[in-house]
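Peer 1: Following this message is one structure expressed as structure tokens.
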Amino acid sequence: RRRQRPVEAVGPALVLEGTLDRLSLLDAARLRAELEYYGRDGRARVEQVVLAREPGDVRIETLSPFGTTLTVFTLSGDALQFWDLQAERFIVGASRPEHIGLFIPFALSAADVVRVLLGAPPLDRVTPEPDRYTLSWDARRAAYRLRMPLAEGDGELSVWVKHETYTLVAAREVDGEGRVVFELRAGRFERQRVGDALIEVPGRLEVEVP
């Protein structure tokens with residue numbers, strides 16, 4: 001039986017601070033990741049080479065089973081670009097969440113996409129009032145669960161982060177009626193050396209959109 005962590009002694013503010021301190025050590029990462037997506041159109045699994053850099057620069061190459069590049073998706077500043085090499089199609093747009101969600105399976109801000117890829121929770125959607133956050137210990141996931149109201153509407157974002165490393169394990173957003181908007185699960189963690197520290201980043205992301 002897993003020992004319950006003393007969440008009363010930790011508190012939401014300290015866990016949030018831990019995730020931000022971890023992110024401050026890791027401003028960029030390059031990894032080969034597997035993304036599994038469950039949505040209205042079924043299930044898809046793709047292999048990707050990902051470069052993510054704070055505050056909002058992203059390059060994602062989707063690979064074929066033979067290792068050749070199929071598509072390239074980039075976010076840089078306020079710009080979004082997408083190349084489909086097979087269809088010889090090139091798209092340029094603004095890096096707004098509703099546009100980003102057309103190309104990757106979550107409609108997040110560019111900064112939140114980088115945070116998730118670096119193993120940190122997406123924070124742009126939540127209210128910046130930590131006194132409204134609640135914290136509990138999830139023994140099944142062996143992680144803290146931090147519940148944060150959304151900045152707009154009556155929904156809520158829950159994030160699960162590891163004890164001590166504060167690496168993102170999962171995230172789930174629900175609307176005001178409790179319906180799931182999206183769920184994200186991270187796994188196959190890899191350690192990258194940053195100075196004298198070893199920082200965990202996810203090598204696998206599963207995204208489910210009802």
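Peer 1: Only one of E164, E190 is out of contact with any Cys (no Cβ under 8 Å at 6 or more places or on another chain) and assigned to a strand (DSSP E or B). Can you tell me which?
Peer 2: Working: E164 fails: assigned to a strand (DSSP E or B).
Result of the check over E164, E190: E190.
Peer 1: Based on this model, can you work out whether S136 counts as of a type in the set (S, T, Y), open to solvent by 60 Å² or more (accessible area, probe 1.4 Å) and in contact with a helix residue (DSSP H, G or I) (Cβ under 9 Å, 6 or more places away or on another chain)? Give the derivation first.
Peer 2: On the way: of a type in the set (S, T, Y): yes; open to solvent by 60 Å² or more (accessible area, probe 1.4 Å): no; in contact with a helix residue (DSSP H, G or I) (Cβ under 9 Å, 6 or more places away or on another chain): yes.
When the stated conditions are applied, S136 does not pass them.
Peer 1: Kindly indicate which of R141, R145 is in contact with a strand residue (DSSP E or B) (Cβ under 8 Å, 6 or more places away or on another chain), part of a loop (DSSP other than H, G, I, E, B) and not polar (S, T, N, Q).
Peer 2: R141
Peer 1: With the structure loaded, tell me whether E177 is in a strand (DSSP E or B) and not polar (S, T, N, Q) or whether it fails that test.
Peer 2: Details: in a strand (DSSP E or B): no; not polar (S, T, N, Q): yes.
Here the answer is no, as E177 does not meet what is asked.
Peer 1: Condition check: over 22 Å from E98 (Cα atoms), open to solvent by less than 50 Å² (accessible area, probe 1.4 Å) and among the aliphatic types (A, V, I, L, M). Does A142 satisfy that?
Peer 2: For A142, the condition - over 22 Å from E98 (Cα atoms), open to solvent by less than 50 Å² (accessible area, probe 1.4 Å) and among the aliphatic types (A, V, I, L, M) - is met.
Peer 1: Please find, among L198, L184, the residue that is in contact (Cβ under 8 Å) with a residue 12 or more places away in the chain and in a strand (DSSP E or B).
Peer 2: Within the list L198, L184, the selection yields L184.
Peer 1: Let me ask something else about it. Being modelled with pLDDT of 75 or more and either open to solvent by less than 90 Å² (accessible area, probe 1.4 Å) or not in a loop (DSSP other than H, G, I, E, B) (or both) is the filter here; which residues of the stretch 23-33 pass it?
Peer 2: L23, S24, L25, L26, A28, A29, R30, L31, R32, listed by residue number.
Peer 1: Could you list, in sequence order, the residues of the stretch 77-100 that are within 19 Å of the chain's Cα centre (by Cα) and surrounded by 15 or more Cβ atoms within 10 Å (Cβ to Cβ)?
Peer 2: Passing the criteria: L80, S95, P97, H99, I100.
Peer 1: For the stretch 1-22, enumerate the residues that are at pLDDT 85 or above, surrounded by 12 or more Cβ atoms within 10 Å (Cβ to Cβ) and not hydroxyl-bearing (S, T, Y).
Peer 2: Across the stretch 1-22, the qualifying residues are G11, P12, A13, L14, V15, L16, E17, G18, L20, R22.
Peer 1: With respect to V181, is the statement that it is under 17 Å from P122 (Cα atoms) and open to solvent by 50 Å² or more (accessible area, probe 1.4 Å) true? So that I can check it myself, show each step before the final result.
Peer 2: Values: under 17 Å from P122 (Cα atoms): yes; open to solvent by 50 Å² or more (accessible area, probe 1.4 Å): yes.
The answer is yes for V181.
Peer 1: List pairs: first residue in the stretch 113-133 and modelled with pLDDT of 90 or more, second residue hydroxyl-bearing (S, T, Y) anywhere in the structure, Cβ distance under 7 angstrom, at least six positions apart or on different chains.
Peer 2: D124/S109
Peer 1: Among the residues of the stretch 149-162, which ones are of a type outside the set (D, E, K, R) and open to solvent by 50 Å² or more (accessible area, probe 1.4 Å)? Before you say what the answer is, go through the steps one by one.
Peer 2: From the stretch 149-162, those of a type outside the set (D, E, K, R) are 149-151, 153, 155, 157-161; that's our starting set.
Within the stretch 149-162, A151, G153 qualify.
Peer 1: Run down L168, L198 and say which single residue is among the hydrophobic types (A, V, I, L, M, F, W, C) and within 18 Å of the chain's Cα centre (by Cα).
Peer 2: Working: L198 fails: within 18 Å of the chain's Cα centre (by Cα).
Just one listed residue meets the conditions, L168.
Peer 1: Taking the stretch 55-69 as the region of interest, how many residues are in contact (Cβ under 8 Å) with a residue 24 or more places away in the chain and open to solvent by less than 60 Å² (accessible area, probe 1.4 Å)?
Peer 2: Matching residues across the stretch 55-69 total 4.
Peer 1: I've got another one for you. Looking at (1) under 17 Å from A170 (Cβ atoms); (2) at pLDDT 90 or above; (3) open to solvent by less than 60 Å² (accessible area, probe 1.4 Å), which is the only condition A110 fails?
Peer 2: Every condition holds for A110 apart from (1).
The values are calculated or read from the model by the stated rules, or taken from the named source; none is laboratory data. Small disclaimer: the values here were computed from a predicted structure and weren't measured. No Cβ is skipped: glycine too gets one built from the backbone with ideal geometry, and neighbour counts run over all protein chains shown. Each accessible area value is taken on the protein alone, full model and side chains, heavy atoms only, with ligands, DNA and RNA left out. Shrake-Rupley method; radii C 1.70, N 1.55, O 1.52, S 1.80 Å.
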